[in-house]
Every structure is written in C-alpha cells, then in structure tokens.
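Below is one structure, written out as structure tokens; the observations come after it.
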C-alpha cells in the first residue's frame, strides 16, 4: 500500500482491493457511529453492497443516498437533496459522509458535508480514473451553475482518501480516456518524465504508479497553495477553455477530461504563435491525446469560447489568469485582459 499525507491533515491510501476493507480504514480515523454513503446509480450497481458491508462490519450504522449519474446532475438542487438526506438520517457533527464514485459525486458530497451543520467529516472513495488522479485530492468541493462550472463550492478537506485501482476494471473506455486528460495535464505542467512514459508505454500500463505520481504532484502543489492564490492555478492547464466547452455543451457533450485535452491543445497552439510556448509542444500533446482516443479540437469558434470563459473562477476583475507551458513539464501563469482573450486564442490562426 502506498500512502501520501496532505498538509498533515489526511492520508491518501492507494491499494488494490482496499474498497473491500474501507470500513476498517475509516474506523481508524473516525469515531463516528453513522456513515452516509453518497453515490450515483451506475457506481451503486458495482460497489455499494461491498462498501455497505465493510462499513457495517466495522460497526457503522449505514444509510445510502443514490442520485442519477452525469455532469448534468451536478447541481445545487442535487446537493441540497443530499443535505436534506443527512438531516433525515440524523447525522450529527461526529458522523461522517462517504463519497463513493467519480468526480461529480466527490465534489457534491464534499460540498454537502461542508455546509451541513456547518461542516461534518467526509471520506473520498474515488472509483473513476479522473477522480483517483485529481478531483478526490485537494479539498475542492462544489457544483455547477447554468452559467459556468464549479461556481459554487467550498474548500473542505476529506478526512481520508481511499484509492482502489481495481475499480477501474468496471469503467468504459471513454471514462478511462476522460481520466487521461488530467494525467496528461500533470505531465505537461510538472513532469516531463511522466509525459514521456505515456508517450512510449502501452495504453494504461503501470497505471498504479501513474496514479501515485499524479496524486503526489497534486499533493505537493496543494501543500504550497491550498487556497489557489498562485501555484495551484497550474492545475488548471486546459481548464479555462475546457470548462467553456463543457458549458457550451450544456454539460452533456464532451466529458471534463476530454474538454480539458482540447483546451490544452488550443492554448498551446495560441501560445506557440505568440512565442510563449516552444514550437512543437502542441503537436506532442495532440499525438498523446490521440493515442488515448481523445479529441484535439472543437467546432466552436474561438470568440464564442472566449465569451463562455468569462465566468471562469480564475478571472480577476478585468483580467484572466490562464495556464500555459513553456515546454513539456514547465507550466506557468500568464495574465491577459478579459477582452483580449478571444484575440489570444485566435493567435493560432
């Protein structure tokens, strides 16, 4: 088992099969009597029984909240249903919520835990590749609004993160590719070695080690900038454009990781045209995305994307912090004026 500590507040444990002993691990860090599992209808079919049995075996009284899967259900309405459920179950401040699922589940469960009784503890058990390498770590929680992605939320640390790579066996190929968008991002902003490993290796080879490396990179960045004032922004490479595409698709088109991949290419092409990124980097990213069956472009006009990006969380008054890379493994923050972002993207033309 591999273990990573974040800010001396919680541990991330990575081990195959750990989902079946999650109750035992949670009991080590919690004095709760009651656990409320939050999961979606897809994940519930595969893992709810095992997690319930493990929690009950560890002495917890267990309740389960199941919501419809999909980014389109990542809404404040769903979060409030979770909060109402916690209250109906009689959860107290000493009890715990358990997020069992992908990024949508983890983000919303964490947010519900943050606002219920002004904060209760929660545990992340991520079952998708994207959640395992990214969203389950770092304490960002929240949901979408119609005008933009993740615009409501709170910073709320989990008490524990349990990553079981065995759960990836039940994922469709498109969801594996979705997670690769975030993995490739880590290579782009911080680890040339990871990027090259993905280029030269077989698809999904050494996935346990890749998960560990991504989690370690994110944990290290979160350690230095938990509230995303500076360095943590690097984790958003491709996201300003990616989130805009998701919004334009009404959160029912390209998945998050795929939209981020398109965003990384678009920003890198534009930055190359302006001498801000080494020539050839965008092509490398394109080829790696294509290796994993991911799109590299969108039909939306750049001006439309730029307008949709104006609700991005990285906007500061009339400026926008976007993330670029000088070369593979070298991410940095670049500030542009909001009304010039469309022109920036058009630099690729």
field: Residue satisfying all of: in the range 222-231; in a helix (DSSP H, G or I) and in contact (Cβ under 8 Å) with a residue 40 or more places away in the chain; surrounded by the fewest Cβ atoms within 10 Å (Cβ to Cβ) among these
entry: 223
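So which of 291, 326, 269 ends up being assigned by TED's automatic domain parsing to the domain that holds residue 229, surrounded by fewer than 14 Cβ atoms within 10 Å (Cβ to Cβ) and within 19 Å of residue 182 (Cα to Cα)?
Working: 291 fails: surrounded by fewer than 14 Cβ atoms within 10 Å (Cβ to Cβ); 269 fails: surrounded by fewer than 14 Cβ atoms within 10 Å (Cβ to Cβ).
Residue meeting the stated conditions: 326.
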task: Name the single residue, out of those in the range 57-79 being assigned to a helix (DSSP H, G or I) and either assigned by TED's automatic domain parsing to the domain that holds residue 256 or touching a residue at least 12 places away in the same chain (Cβ under 8 Å) (or both), that is surrounded by the most Cβ atoms within 10 Å (Cβ to Cβ).
output: 79
task: Evaluate the following for residue 26: is it assigned to a strand (DSSP E or B) and surrounded by 20 or more Cβ atoms within 10 Å (Cβ to Cβ)?
output: no
task: Check 20, 11 and return the single one that is in a strand (DSSP E or B), assigned by TED's automatic domain parsing to the domain that holds residue 148 and surrounded by fewer than 18 Cβ atoms within 10 Å (Cβ to Cβ).
output: 11
- prompt: Here is a list of conditions, (1) at pLDDT below 95; (2) under 23 Å from residue 24 (Cβ atoms), and residue 71 meets all of them except one; can you say which number that is?
  reply: (2)
query: Any idea which of (1) touching a helix residue (DSSP H, G or I) at 6+ places or on another chain (Cβ under 6 Å); (2) buried (at least 22 other Cβ atoms within 10 Å of the Cβ) is the one residue 95 doesn't satisfy?
result: (1)
query: Does residue 260 count as in contact with a helix residue (DSSP H, G or I) (Cβ under 8 Å, 6 or more places away or on another chain) and modelled with pLDDT under 95?
result: no
field: Looking only at the range 42-56, and only at residues there that are surrounded by 14 or more Cβ atoms within 10 Å (Cβ to Cβ) and farther than 17 Å from residue 18 by Cβ, the one that is farthest from the chain's Cα centre (by Cα)
entry: 44
message: Please pick out the residue among 216, 185 that is out of contact with any strand residue (DSSP E or B) (no Cβ under 8 Å at 6 or more places or on another chain) and assigned to a helix (DSSP H, G or I).
response: 185
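Collect the residues in the range 6-17 that are touching a residue at least 40 places away in the same chain (Cβ under 8 Å) and out of contact with any helix residue (DSSP H, G or I) (no Cβ under 7 Å at 6 or more places or on another chain), keeping them in residue-number order. Even if it seems obvious, please write down each step before you answer.
Residues of the range 6-17 touching a residue at least 40 places away in the same chain (Cβ under 8 Å): 6-7, 9-17.
If the condition is that a residue be touching a residue at least 40 places away in the same chain (Cβ under 8 Å) and out of contact with any helix residue (DSSP H, G or I) (no Cβ under 7 Å at 6 or more places or on another chain), then 9, 10, 11, 15 are the ones that fit.
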task: Quickly run through the range 108-134 and pick out the residues that are surrounded by fewer than 24 Cβ atoms within 10 Å (Cβ to Cβ) and either modelled with pLDDT under 95 or not in a loop (DSSP other than H, G, I, E, B) (or both).
output: 114, 115, 116, 117, 118, 121
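Of all the residues that make up the range 142-175, how many are outside any strand (DSSP E or B) and within 18 Å of residue 210 (Cβ to Cβ)?
Of all residues in the range 142-175, those outside any strand (DSSP E or B) come to 146-147, 156-159, 164-175.
Then drop every residue that is not within 18 Å of residue 210 (Cβ to Cβ), which leaves 164-169, 171, 173, 175.
Residues flagged as outside any strand (DSSP E or B) and within 18 Å of residue 210 (Cβ to Cβ) within the range 142-175 amount to 9.
Residue by residue, here is whether (1) closer than 15 Å to residue 114 by Cα; (2) surrounded by fewer than 19 Cβ atoms within 10 Å (Cβ to Cβ) holds:
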| position | (1), (2) |
| --- | --- |
| 146 | no, yes |
| 156 | yes, no |
| 163 | no, no |
| 166 | no, yes |
| 172 | no, yes |
| 182 | no, no |
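The values are calculated or read from the model by the stated rules, or taken from the named source; none is laboratory data. Note that the structure is predicted; figures quoted are calculated from it, not measured. Note that we place each Cβ from the backbone using ideal geometry, even for glycine, and neighbour counts take in every protein chain shown.
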